[in-house]
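Undergrad: So that we are looking at the same thing, I have put the structure below in structure tokens.
The values are calculated or read from the model by the stated rules, or taken from the named source; none is laboratory data. Keep in mind that what you see is a predicted model, and the values were worked out from it rather than measured. With ideal geometry, Cβ positions are generated from the backbone for all residues, glycine too; neighbour counts draw on all protein chains shown.
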């Protein structure tokens, strides 16, 4: 699995409150050893440097819980593992926020666990996970935001949401409530899929077609991440920018799977 990541303060903010985690490894499963990866992006918020504390703490607790669970082989890779790690991360941020100087802090957290052809995603906030290939750009996650709720209700269009004055208002984050649970998604991966996780400092500035063009057109995930960050800063860099791109290898082709399924149905 080829991966790349990057983060940047941008041109307006003085402090980078984003945190990222990117790790690849071989994972032994009941069907054999598969290439695996654990990816996560967090975008913190709060007064002074509290957002930086929240995102860093959430990422550290999340990855530690996931990796310890996998190493202990007591928990299979999947959505229950991610849900438990999110719960522990939420509790840690809530506990830390009891300190007077950190009150009101919180963070988004979008994470993907890739195990062979299976990808498990847990998500809270408005950071995003995409699958990008030559056929499409699929937004796997749904923003927990005021403008997304307005889009869902048909009050505004997706294009209007990009410039709406309430676009930065998030409805669910880690660290605000003990009941803040993530969305959980499981999806199959195919040859040519690029997995992209990012904070809204990227997807809130660059259109999806530009993100796709850069992700597919760069020689490596690392170069694609660097190019995307440069493009955001050329567009004004209004927020912190974080991005991870993973290109899993050894996956079945999408066309072969479709042909096989069609053949079974015909027979």
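Undergrad: Exactly one of (1) surrounded by fewer than 17 Cβ atoms within 10 Å (Cβ to Cβ); (2) out of contact with any strand residue (DSSP E or B) (no Cβ under 9 Å at 6 or more places or on another chain); (3) in contact (Cβ under 8 Å) with a residue 12 or more places away in the chain is unmet by residue 142. Its number?
TA: (2)
Undergrad: Show the residue pairs that are 6+ apart or on different chains and have beta-carbon atoms under 7 Å apart, the first residue being within the range 189-214 and touching a residue at least 24 places away in the same chain (Cβ under 8 Å) and on the phi > 0 side of the Ramachandran plot, the second being part of a loop (DSSP other than H, G, I, E, B) and surrounded by fewer than 24 Cβ atoms within 10 Å (Cβ to Cβ).
TA: Close Cβ pairs (under 7 Å, with a partner that is part of a loop (DSSP other than H, G, I, E, B) and surrounded by fewer than 24 Cβ atoms within 10 Å (Cβ to Cβ)) amount to 192/133; 192/134.
Undergrad: If you don't mind, there's one more thing I want to ask. For the range 159-182, give me the residue count where each residue is crowded, with 16+ Cβ neighbours inside 10 Å, closer than 22 Å to residue 121 by Cβ and touching a strand residue (DSSP E or B) at 6+ places or on another chain (Cβ under 8 Å).
TA: Total meeting the criteria: 8.
Undergrad: While we're looking at this one, here's another question. Name the residues in the range 105-119 that are farther than 20 Å from residue 139 by Cβ and touching a helix residue (DSSP H, G or I) at 6+ places or on another chain (Cβ under 7 Å), would you?
TA: Hits for the range 105-119 are 105, 106, 107.
Undergrad: Also, quick follow-up: Looking at the structure I just gave you, is residue 27 touching a strand residue (DSSP E or B) at 6+ places or on another chain (Cβ under 6 Å), more than 24 Å from residue 226 (Cα to Cα), surrounded by 14 or more Cβ atoms within 10 Å (Cβ to Cβ) and in contact (Cβ under 8 Å) with a residue 40 or more places away in the chain?
TA: Against the criterion (touching a strand residue (DSSP E or B) at 6+ places or on another chain (Cβ under 6 Å), more than 24 Å from residue 226 (Cα to Cα), surrounded by 14 or more Cβ atoms within 10 Å (Cβ to Cβ) and in contact (Cβ under 8 Å) with a residue 40 or more places away in the chain), residue 27 qualifies.
Undergrad: Any residue in the range 152-164 that is in contact (Cβ under 8 Å) with a residue 24 or more places away in the chain and closer than 27 Å to residue 61 by Cα?
TA: No, the range 152-164 contains no residue that is in contact (Cβ under 8 Å) with a residue 24 or more places away in the chain and closer than 27 Å to residue 61 by Cα.
Undergrad: Now a separate question. Test of understanding: among 235, 256, 226, 260, which residue is surrounded by 15 or more Cβ atoms within 10 Å (Cβ to Cβ) and either at pLDDT 95 or above or closer than 21 Å to residue 117 by Cα (or both)?
TA: Answer to the check: 226.
Undergrad: Suppose we filter the range 227-239 for residues that are touching a residue at least 24 places away in the same chain (Cβ under 8 Å) and either over 14 Å from residue 197 (Cα atoms) or in a strand (DSSP E or B) (or both); how many remain?
TA: 8
Undergrad: So residue 240 clears everything in (1) out of contact with any helix residue (DSSP H, G or I) (no Cβ under 6 Å at 6 or more places or on another chain); (2) surrounded by 14 or more Cβ atoms within 10 Å (Cβ to Cβ); (3) at pLDDT 95 or above; (4) over 21 Å from residue 2 (Cβ atoms) except one condition, right? Which one?
TA: Result: residue 240 passes all but (1).
Undergrad: For residues that are in a loop (DSSP other than H, G, I, E, B) and under 23 Å from residue 119 (Cα atoms), scanning just the range 42-100, find the one that is modelled with the highest pLDDT.
TA: 78
Undergrad: Within the range 131-139, is there a residue that is surrounded by 14 or more Cβ atoms within 10 Å (Cβ to Cβ), assigned to a loop (DSSP other than H, G, I, E, B) and at pLDDT 95 or above?
TA: Within the range 131-139, one or more residues are surrounded by 14 or more Cβ atoms within 10 Å (Cβ to Cβ), assigned to a loop (DSSP other than H, G, I, E, B) and at pLDDT 95 or above.
Undergrad: Among 70, 82, which is in contact with a strand residue (DSSP E or B) (Cβ under 6 Å, 6 or more places away or on another chain), crowded, with 19+ Cβ neighbours inside 10 Å and within 21 Å of residue 185 (Cα to Cα)?
TA: 82
Undergrad: Next up: Given the conditions (1) touching a residue at least 40 places away in the same chain (Cβ under 8 Å); (2) touching a helix residue (DSSP H, G or I) at 6+ places or on another chain (Cβ under 6 Å); (3) surrounded by fewer than 19 Cβ atoms within 10 Å (Cβ to Cβ); (4) more than 18 Å from residue 239 (Cα to Cα), which single one is not true for residue 3?
TA: Looking at each condition in turn, residue 3 falls short on (3).
Undergrad: Sticking with this one: I'm trying to understand the selection: among the residues of the range 6-33, which are in a strand (DSSP E or B) and either touching a helix residue (DSSP H, G or I) at 6+ places or on another chain (Cβ under 6 Å) or farther than 15 Å from residue 112 by Cβ (or both)?
TA: Correct list: 6, 7, 8, 18, 19, 21, 26, 28, 29, 32, 33.
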